[in-house]
Amino acid sequence: MTALTLSTAAAPGLRADAIVIGVAKGTAPKSGNLVVAPGAEAVDKAYDGKLAGVLETLGASGAEGELTKLPAPAGFKTPLVVAVGLGAEPVKDAWYDAEALRRAAGVAARALGGAKKAAFALPVGDSGDIGAIAEGVLLGAYSFDAYKDNGKDDRSAKAKNGKGPLAEAALLGGKPRDAAHKGAVARAVAVTEELNRARDLINMPPNDLTPQAFAQVAQTAAKEHGLKVQVLDDKALARGGYGGILGVGGGSAATPRLVKLSYTNSKAKKHLALVGKGITYDSGGISLKPAGHNETMKCDMSGAAAVFAAVVAAARLGLEVNVTGWLALAENMPSGTAVRPGDVLRMYSGKTVEVLNTDAEGRLVLADALWAASLEKPDAIVDVATLTGAMVLALGSRTFGVMANDDAFRTAIVEAADEVGEPSWPMPLPEHLRKGMDSPTADIANMGERMGGGLVAGLFLREFVGDGITWAHLDIAGPAFNEQGPFGYTPKGGTGSGVRTLVRLAELTAAGTTRTGCHALVASISRYCSGSSSSRFS
Ligand code: BES
Ligand code: MN
Ligand code: ZN
C-alpha cells in the first residue's frame, strides 16, 4: 500500500513527482469562477498569483472529480502540478467538507499510479481533514492485479501488471508531532488497509474464493490480530441444525461455513454483533439467474467481507467495545443436491421456511447467523448484505438502504454513515408486507410481494432476531460493486461498502462507555446516557 508521511516541507524546495492542490468553484461575489484552495498558496505565488486564471484557461472549473495537470513553475523541484476539483467553495465561515477532500485525494492518487512520490497540498483545517485526505489517498491508490499474468514468468508479470499504485504520499499541512494528526493517519491506515483487503476478497474470482478459502483467510487474520475464531464446516453445521446455511450451500461442491470472529476488549461495556452475507457466488440456484445477471455475482459476499474488515479494524484500533463478526458463507449453485423451490428448511432458530425461490438465498443464510448472534444477547446486531435487486432499483448504485427494528438506531446508523462519507438512506419495514410471506406449508416463505422487495427481505430477517435485541439491516446491493468507471476514491469492482460505517458504529458504541456525550446511536442502545445533553461526538 502507499506509504504516508506527514510533512512540513513546502514548495518550491520540495522533491516529488507531483504536487497535488485543490481548486474549487468560486462562490464569493468577488472571486472568479475558479478559486485555488488553501494549502496551495506557495504554488499560486510561484505563478505570480495567477494560478486560478491559468487553470481556467486550461478549462478547469473546480468541479468535483475534475483533474487538471500542468507543468510546475520555474524553480520548482517537483515537475508536475495536479489540480483536483473540490466542488463549490465553502461559504463564508464554513470549511471544506471532509468527503470532498477524501474524494479529491482519491482522484489524484488514482491518476498518479506509477509515481514514486506525490505531495498533497490540499486544505487542512483540523486532524479530521488529515484523516480524510489520508483515507482518500489510500483508497484511491487501490488496484487489484493479483490475476494479471502473475504466472511463472516474472518479467512478463512486471511488464503486464500496469504501473502499480503511487508509492509514497507526503501530506503537507499535517503536523508530524501533533498527536491528533498522527492518530488520524494511524486510524486511516488501519481502516483503509482492512477495507482494501475486503475489496481484494470481493474481486477475487469465485473459483478461488470458496467458503472454505474465505474461512481460511479469516483464521489467518485472527491469528495475526489476536482474535478468537471459530469455523463451523458443513458437518458441524449439520450437527448444529443450521438448515438455512446448509440448504443454500447444498448445491455446491464447495461446502458452506459459518465463521465467528470475536474481538474482545477488557474495558468494553457493550457488545456489538455484526452479521455478513457471504455468498461466494450467487448463480440463483435452481431458480437460475439469466445471463446478464450473474457475471458480477462473485460480489455477493461483500457483506461478509465488510464485517470481516470491520472486526479486524476494531481490533487494530483497540476500540473499547466487544465486536463479534458472523460470516455466513455458502455458494448458491444448481445441482442434484441443491435446494428446490418447494422445499422446506428447518432453520437454526427452529422456524421452518418454504423456499419458493432459491435465488432469495441471502436471507436464508443470514437467518441462521442472526439467530446464532442473538443467542449471545449482544447490545445490538447489524447485518450487512447484497440482499436485493429491489434496493438497487430504489436507491441506485451508490446508496445503501438501512432498515431496523428501532427508529433511533436506524437514524444513528444513517448519521454514522454520513459522518464517514458513505451515502445511505433510511427505509421502512411496513407491517402489511409481512403477510405476503405467509406459507400454507411452513412458518414463513422466503419470498413475498414483488413490490417493495427490499423491505420484504428486511421483514423476513426481522423474524430471526432474538426478542428485545436492537437490530439493523444494511442492504448494500447497489454500492457493493462498482460496474461503472472509477470515481473519487472508489475503484471499479469491489468497493468495500459498509466497512467505514461499521467501524464508526463500533467507535460510537465504545465512546458511549467512556464519554459523557450522547450520540443518537449511544442513546438508542445505552439506557444510562438518556439523561445527558444530546451532543454529537466530533
Ligand atoms: N444477490 C442477489 C441480490 C443482488 C442483486 C445483489 C443485484 C447485487 C446486485 C440476491 O440473492 C437475489 O438474487 N435477490 C433476488 C430476490 C428475489 C428472488 C426475491 C432479487 O433481488 O431479485
Ligand atoms: Mn440470489
Ligand atoms: Zn444473493
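Throughout, read-outs are computed from the coordinates displayed, never taken from laboratory work. It should be emphasised that the depicted structure is a prediction, and the values quoted were computed from it without experimental measurement. Note that we place each Cβ from the backbone using ideal geometry, even for glycine, and neighbour counts take in every protein chain shown.
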Fewest-first ordering of Leu80, Leu505 by Cβ atoms within 10 Å yields Leu80, Leu505
Burial ordering of Ile245, Ile469, fewest other beta-carbon atoms within 10 Å first: Ile469, Ile245
Pairs of Cα atoms under 8 Å, at least six residues apart: use those to get the relative contact order of segment 3-177, whole percent. 30
For the chain, longest principal axis from Cα atoms; helix 453-462 axis from its Cα atoms; angle between them, nearest 10 degrees, is 60
Based on the Cα gyration tensor of segment 332-446, what are the three equivalent ellipsoid semi-axes, each the root of five times an eigenvalue, rounded to whole Å and given largest first? 28, 17, 14
Under 17 Å from the Cα of Lys148 - lysines, other chains or at least 8 residues apart: Lys158, Lys160, Lys163, Lys492
Whether segment 259-351 is rounded, prolate or oblate, judged on the alpha carbon gyration tensor where a/c under 1.5 counts as rounded: oblate
What is the order of Thr495, Thr2, fewest Cβ neighbours within 10 Å to most? Thr2, Thr495
The value for the chain (convex hull of the alpha-carbon atoms, volume per residue, Å³) is 163
If packing is taken as the mean number of other Cβ atoms within 10 Å per residue, what is the order of 302-308, 184-190, 195-201, highest first? 302-308, 195-201, 184-190
Where nothing but the Cβ of Lys and Arg (+1) and of Asp and Glu (-1) is charged, how large is the charge dipole of segment 195-530 around its Cα centre, in debye to the nearest 20? 720
If the chain between Ala186 and Thr352 were fully extended at 0.36 nm per residue, the gain over the current Cα-Cα distance would be 55.1 nm
